[in-house]
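*Asks:* Below: one structure in structure tokens.
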Amino acid sequence: MRQGLLGLFFLCSVPAAQAAEAPLLAYGARIAGDDARTRVVIDFDKKPVFFVHYVANPTRVIVDLPETSFGLKPEDLAARGLFTEIRYGAMGAGSARVVLTANKPVEITVADVMADEEGRGFRLVLDAERVTEERFSGLLEEQKWTGTVTAIKAGRVIDPPAAGQFVIAIDAGHGGIDTGAIGSETKMEEKSVTLAFAGELVETLNKETGVKAFLTREKDEFLSLPERVQIARQHGANLFISVHADTLKQRDIRGATVYTISDKASDHLAANLAERENLSDEIAGITLKSEPAEVADILIDLTRRETQAFSVNLARSVVSSFEGQINLINNPHRHAGFRVLQAPDVPSILLELGFLSNKQDEKLLVDPVWRKKVADLLAGAVRSYRGGSVANGG
């Protein structure tokens, strides 16, 4: 059954009743085709209601779904044909997404759900064809989807801090559809490594007198970069610590690194890392123009000098706490244009715990004993920072 764009939009509304049901299970998938036509098939246990739309720069086909558990093997949806990259995962409470990235303009000419002949559920069939730039521009203009990013995920409840409490937002990098880096040995996903450590750190920090630490995300869900910043600001955070564990082509490089924001990167490694981390929203199919105007460019009104100075002080405190205790990269305090650090009024750092591309780092990153040690050291660094900022009138 061929469907035009209007037919796709007829499928766009996800009924509240379905969203409230148990998650869909995507238990199988396959892809076939060439650089002219490609078919993607995903098997579900129940009939999925879905919505297809398009995003440019790069060309992407977005398939929005109700909450879905993806029980797929990596090879099930390995990119081929028209598509150079395929990602899937949670987008927050009650929603999930498949992002199909193409290197040339494409159109979904068939988008249909069919009952499995053996009664095992339903399959979503998507047929893509290569089209002209003009045709793809027309698809973008015709669609009703605006790419609006919800400011804060619904249902988040964080107890307000008591008077005088020092509030710390701990941001577990990546999540949901954005898996982040993948371990070279264990194949552990960065989003899981960061969440495990962030939980340990929050628990450790909350043992400190007068401290209230909380997670920007408490589970495997996607948060846009502006959302992470906004969550911290809306809850009166005095500090923002974003936790990551990246990969590098140079597998011999290992150790922790602390980054602060700057309009000019300290070195190529910092610049490349910032470029990759800043692609998080693009990976999830979110365009920069959908973000609030005040955060559309990290170079607009870059963090206030006072806030930047506090961020640097925090970074130095963390490095000092780590020295002689855990491995640090050469020149462990670096800086670059990380969009997740762009809150103008919240001192912020991005902490690379280590590199999943290095066997020794990877082994430590999944070790609960090591995580506890690093969390204790960070708590000490925050304690030292607080003492210094109070002494300096902060």
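The values are calculated or read from the model by the stated rules, or taken from the named source; none is laboratory data. In this text, all values refer to a predicted model and were calculated from it rather than measured experimentally. FYI the Cβ positions are ideal-geometry reconstructions off the backbone, even for glycines, and counts take in every protein chain you see. Areas reflect the complete protein model, heavy atoms only, side chains present, ligands, DNA and RNA absent. Shrake-Rupley method; radii C 1.70, N 1.55, O 1.52, S 1.80 Å.
*Asks:* For region 316-343: of the residues being aliphatic (A, V, I, L, M) and assigned to a loop (DSSP other than H, G, I, E, B), which is nearest to Ala172 (Cα to Cα)?
*Replies:* Looking at the filtered set, the residue picked out is Ala343.
*Asks:* Okay, moving on. Please specify each residue of region 78-122 satisfying the condition of being of a type in the set (A, V, I, L, M), closer than 17 Å to Ala29 by Cβ, at pLDDT below 90 and not in a strand (DSSP E or B).
*Replies:* Once the filter is applied, which keeps residues that are of a type in the set (A, V, I, L, M), closer than 17 Å to Ala29 by Cβ, at pLDDT below 90 and not in a strand (DSSP E or B), region 78-122 yields nothing.
*Asks:* Specify the residue that is most open to solvent (accessible area, probe 1.4 Å); the eligible residues are those in region 226-254 that are among the charged types (D, E, K, R) and touching a helix residue (DSSP H, G or I) at 6+ places or on another chain (Cβ under 8 Å).
*Replies:* Arg251
*Asks:* Kindly provide the set of residues from region 220-253 that are within 13 Å of the chain's Cα centre (by Cα) and of a type outside the set (A, V, I, L, M, F, W, C), ordered by number.
*Replies:* Scanning region 220-253 gives Asp220, Glu221, Ser224, Pro226, Glu227, Arg228, Ser242, His244, Asp246.
*Asks:* Now for a different question. Go through (1) open to solvent by less than 40 Å² (accessible area, probe 1.4 Å); (2) in contact with a Ser or Thr (Cβ under 8 Å, 6 or more places away or on another chain) for Glu221 and report which single condition fails.
*Replies:* Every condition holds for Glu221 apart from (2).
*Asks:* Please state which one of Val374, Val369 is open to solvent by less than 10 Å² (accessible area, probe 1.4 Å), assigned to a helix (DSSP H, G or I) and farther than 22 Å from His235 by Cβ.
*Replies:* Exactly one of Val374, Val369 is open to solvent by less than 10 Å² (accessible area, probe 1.4 Å), assigned to a helix (DSSP H, G or I) and farther than 22 Å from His235 by Cβ, namely Val374.
*Asks:* Just give me the residues in region 21-55 being open to solvent by 30 Å² or more (accessible area, probe 1.4 Å) and either in a loop (DSSP other than H, G, I, E, B) or more than 13 Å from Leu126 (Cα to Cα) (or both), in sequence order.
*Replies:* Residues satisfying the conditions are Glu21, Ala22, Pro23, Leu25, Tyr27, Asp34, Asp35, Ala36, Asp45, Lys46, Lys47, Val49.
*Asks:* Let me ask something else about it. Answer yes or no: is there a residue in region 199-209 that is open to solvent by less than 40 Å² (accessible area, probe 1.4 Å), more than 15 Å from Leu378 (Cα to Cα) and either modelled with pLDDT of 90 or more or more than 14 Å from the chain's Cα centre (by Cα) (or both).
*Replies:* No, region 199-209 contains no residue that is open to solvent by less than 40 Å² (accessible area, probe 1.4 Å), more than 15 Å from Leu378 (Cα to Cα) and either modelled with pLDDT of 90 or more or more than 14 Å from the chain's Cα centre (by Cα) (or both).
*Asks:* Let me ask something additional. Please indicate, with yes or no, whether at least one residue in region 183-191 is open to solvent by less than 10 Å² (accessible area, probe 1.4 Å) and not β-branched (Val, Ile, Thr).
*Replies:* yes
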